[in-house]
Amino acid sequence: MALVDLISSEVVKVPLTSDNKPAVIREMVQILKDSGKIDDFDHVLEAIHKREEMGSTGLECGIAVPHAKTDAVKSLTVAIGISPEGIDFGSLDGKPSQLFFLMLAPPNQSGPHIEALAEIAKLSRSTAFISTLINARSSQEVVELFRED
Amino acid sequence: MNSPIKKIMVYIDGSEQSITAAQYALCLSKFTGADLMAFYVINTKALDDLLKARIFLKEEQMDYERDLEEDARRYLNHVRELARNKGITIETRSAMGNVHREIVKIIKEEGFDLLIIGELSHIRSRRDEFYDETERAMRVVPCSVLIVKDEDSVWEHYESLGK
C-alpha cells in the first residue's frame, strides 16, 4: 500500500484552524471522523496522545507525524493538514509545525504502516516539495501534488 | 523446448495482493513444474530510517520489528497452508534489511528466473519517493517479473487445482 493510495481530498484539510498542539490533534482526528474513516473519536485521540507523551512527533522542517497503532481502524489510514501560520508541536528544531501527517494503523498491519511512514521520512528530506505542499491553497491541490497529472 | 521457468520466487509483503500473487505462483508452479519459493523481507531499513528521522523512538522501533517478525511468520505460514492444500511443494524464507535489495540479492544468488509480485498501486505519483518497495524491486531485479492481477480469476484458478 503506497502512501499516495491513502490520500484523497476528504482526508486533507487546508488550512487548519487550531493554534496549539492538543487542538490540532483533535482537528486532525476530526478529519478522519468526518470522512468516515473512524467511528471512535475518543479512542483514536487517546492513542495519539499516548504516543505523543512518549516523545513529540514534531520533526524538523515544519513537519509533524502523529501516529498510533489502534484497533479503531481496520486498515492503514492517514489525514493531512496544513497550517500556514504553524503550530508549536514540540518539534526537534523548536520551529512551528506546518505540515501534519496523522497516521493510524491496526495492530496487525505494521508492514504497510512502516512503509507509509518511511515514505513520509523520505519526503521530509525534499525541502522543495515540502515548501510547495505548505503553500497549497486547497485540499485538492495537495492531492494533485502527490499524484501524477 | 524446455520450460523457460524453472525457479519462481513470489514476494510476500502481507498485502492481499501478495497473497493473490502466491495463489497464482502456486498455479504456475503446478503447471510448469518449476521450483517455488515464497520470500518475505522484514523491512529493518525502513525501521532504521524512521528512527533516524526521529519519527520512531527506540522502543517503538523494537516493538514494530517484533510485529514484522510475527507478520513474516504468519503470512509465510498462510502461504505454506495454501500450498499444502493443493499438494504443492513450496519453500518459504524471510530476511531482514532493505526490501528491494534483499529481493535482488536472493534472486541473483539462487538463480531465480521469475519474480511474481502482487498488483501495484493504481495511482501513479510524479515523485520517486512514492515508489513502494515492491515497485522498486520490479524495476531492479535481473529476472523477468510477473505482476498478478484479477483476484477473482486467480482464486478460481487456484481453487480448480487438484490436490
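What follows is calculated from the coordinates using simple rules that are stated; it is not laboratory data. Note that the structure is predicted; figures quoted are calculated from it, not measured. Every residue, glycine among them, receives a Cβ derived from its backbone with ideal geometry; neighbour counts consider all protein chains shown.
Some observations on this one:
- Think of it as helices only: each DSSP H run of n ≥ 4 in the protein assembly as shown is worth -39500 (n - 2.57), and spread over all residues that comes to -14500 deg cm²/dmol at 222 nm.
- Max mean-square fluctuation residue, GNM over chain A, Cα-Cα springs under 10 Å, options A:Pro107, A:Pro66, A:Pro96: A:Pro107
- The alpha-carbon atoms of chain A define a convex hull whose volume equals 99 cubic angstrom per residue.
- Diffusion coefficient, µm² s⁻¹, Stokes-Einstein with Kirkwood Rh over alpha-carbon pairs of the range A:54-121 at 37 °C and 0.692 mPa s: 265
- Calculated Rg and Dmax of chain B using C-alpha coordinates, Å: 16.3, 56
- Cross-link partners of A:Lys69 among lysines (Cα-Cα below 28 Å; sequence separation of 8 or more within a chain): A:Lys13, A:Lys21, A:Lys33, A:Lys37, A:Lys50, A:Lys95, A:Lys122, B:Lys45, B:Lys52, B:Lys58
- Using a Förster distance of 25 Å, the FRET efficiency for B:Glu135-A:Ser75 (Cβ separation, nearest 0.05): 0.80
- On the beta carbon distance between B:Ser153 and A:Gln140, with R0 = 30 Å, the FRET formula returns roughly 0.30.
- Taking the inverse of the mean reciprocal distance over all distinct Cα pairs, the Kirkwood hydrodynamic radius of the range B:1-89 comes to 14.6 Å.
- Two-decimal log10 I(q)/I(0) for the range A:1-59, as the Debye equation yields it once each C-alpha is a single scatterer, q = 0.18, 0.22 Å⁻¹: -0.73, -1.04
- Relative counts (whole %) of C-alpha pair distances in the protein assembly as shown, using bins that are 20 Å wide: 32, 52, 15, 0
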